[in-house]
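The block underneath contains the structure these notes are about, expressed in structure tokens.
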Amino acid sequence: MGDKVIVMAKLEEEHTEWVEQELPDWQRAIYIVNPSRETRSDANALMTPFNKGHEAMAYLTYIIDNYNNLPATIAFLHAHRSGFLMAWHVDAPLHDNVIAMRNLQLDFVQRNGYVNLRCNWNPGCKGSHRFNKHVTDQIWWDVFEGTSTPPLNMSSPWEMEYGGHKYIRKPDEIGAACCAQFAVSRDQVQKRPLNDYVKIRQWILDTELNDASSVAPMNSYANARSTGGVDPLLQPVHLSQTQHHD
């Protein structure tokens, strides 16, 4: 297999055999978010610690578990392969993730660090999509306090550096192409220390917000940084509306 991996979150009943069958040159890390008792007893099964936060839980768990042994390229995908009903957001012909991955330019991922697998700006980038009232100042503070990019209050500049940390203020507008499918380089992931990913995942686990609301700040900040080019937070926390429930 190549120096690249596909990471997924899936429900136990979802079929993901297509990854191994159609993309055999990719390593696979497919996390079950609602494991059965039988699956829990399988030492080889990958599982998230809790079914919360949509894809974020699987994406962050993969990074945390493999931070020091990451392949060169990491692609984060949905479990569904193709078809407009489930994969309308895939730009490839037939809305097919297999075609999208076969066309992925790995050298561009390495140069750019982060590549959204959707090019269409709708939904996500239009002006009416860029206001995220659900990401309050308090949520912003709670998520990023204690990370390598601590939060700034709204009266501060957009960002500033002090004591070896880059402090970042919550942007007024946020937007990026939907929908939680993207590829990143190992170097981009490791621009943030492991503890940042641990801290952000712990916030998802601990928050009293529900499943959809707990992922919103992850989605919003990642979108803002992706449109800025260099992404110090990293898109493993770039998530969408796609839901995983028991």
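Every number in this text was worked out from the coordinates using simple rules, so none of it is lab data. Just so you know, these numbers come straight off a predicted model, no measurement behind them. Note that each Cβ is placed from the backbone with ideal geometry, even for glycine, and that neighbours are counted across all protein chains shown.
Quick notes on this one:
- Once backbone amide H atoms are built at 1.01 Å from N, Y167 has M160, E161, Y162 as its partners under 5 Å, excluding neighbours fewer than 5 places away on the same chain.
- FRET efficiency, 1/(1 + (r/R0)^6) with R0 45 Å, evaluated for E17 and E159 via beta carbons: 0.50
- Using the average count of surrounding beta-carbon atoms within 10 Å as a protection proxy, the listed peptides 136-145, 3-12 rank, highest first, as 3-12, 136-145.
- Charge tally in the Cβ shell below 13 Å around M1, where Lys, Arg are +1 and Asp, Glu are -1, M1 excluded: -1
- Calculated FRET value between N195 and C119, using beta carbons and R₀ = 41 Å, to 0.05: 0.75
- Note on S148 and D3: the extension gain reaches 49.4 nm, defined as 0.36 nm multiplied by sequence separation minus the Cα-Cα distance.
- The stretch between D211 and N103 holds 35.6 nm of extra length on full extension. This uses 0.36 nm per residue minus the Cα-Cα distance.
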